1. Mind listing the phi-derived Karplus ³J(HN,Hα) values for region 38-44, rounded to whole Hz, using 6.51, -1.76 and 1.60 with θ = phi - 60°, and x for any glycine or proline?
2. Full extension from residue 35 to residue 8: what is 0.36 nm times the residue separation minus their Cα-Cα distance, to one decimal in nm?
3. For residue 49 and residue 71, compute 0.36 nm times the residue count separating them, minus their Cα-Cα distance, and round to one decimal in nm.
4. Using DSSP to call loops (not H, G, I, E or B), can you name the trypsin sites (Lys or Arg not before Pro) in region 18-88 whose Cβ has at most 13 other Cβ atoms within 10 angstrom?
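Please treat every number below as a calculation from the coordinates, not as lab data. Because the structure is a prediction, the values reported are computed rather than measured. Virtual Cβ from ideal backbone geometry, glycine too; neighbours counted across all protein chains shown.
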Amino acid sequence: MKRANLPDELFDLIGQKTFEELNATEKALVTQHLTAAEYDELRATISAFQEADSSLYFAPSKPPKEARVPLWKRIALYPIPLYQVAATLLLLLAFTLLWPMKSNQMDSTQQLEVIQAKQEGIPIKEDAYPDSLVFNL
């Protein structure tokens, strides 16, 4: 028996009916290629594969990349209630207004001392500042 050259109709019959359920034309087609025992053997093999195939469970896979939303979009489009946004802005405003401000700018007397030092040609190098220009912030 050469199973490589079996017609497709034969495999359809094997998957659907037992040898006893075949009508006369179907039995004639089967007996041209197989005996009844070989037919039953192939039917048992194919039905075992069908049962094994139906018992397999495939876990759902991740959605394709184009269906997934990027993280930055999920964060940017996350719905936030308006009252939370307003409360956050009010807190930020209160902290910026109530926080004690330190001025990094020199007052007018210090600015005059720097101008005078430049006019007098006092060299200002690292670690060699004139005492009149040193001040603590």
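1. Using θ = phi - 60°, the values come out as 5, 4, 5, 5, 5, 4, 5 Hz.
2. 8.0 nm
3. That pair, residue 49 and residue 71, stretches by 3.6 nm at full extension.
4. Counting only loop positions with at most 13 other Cβ atoms within 10 Å, the trypsin sites (Lys or Arg not before Pro) in region 18-88 are 65, 68.
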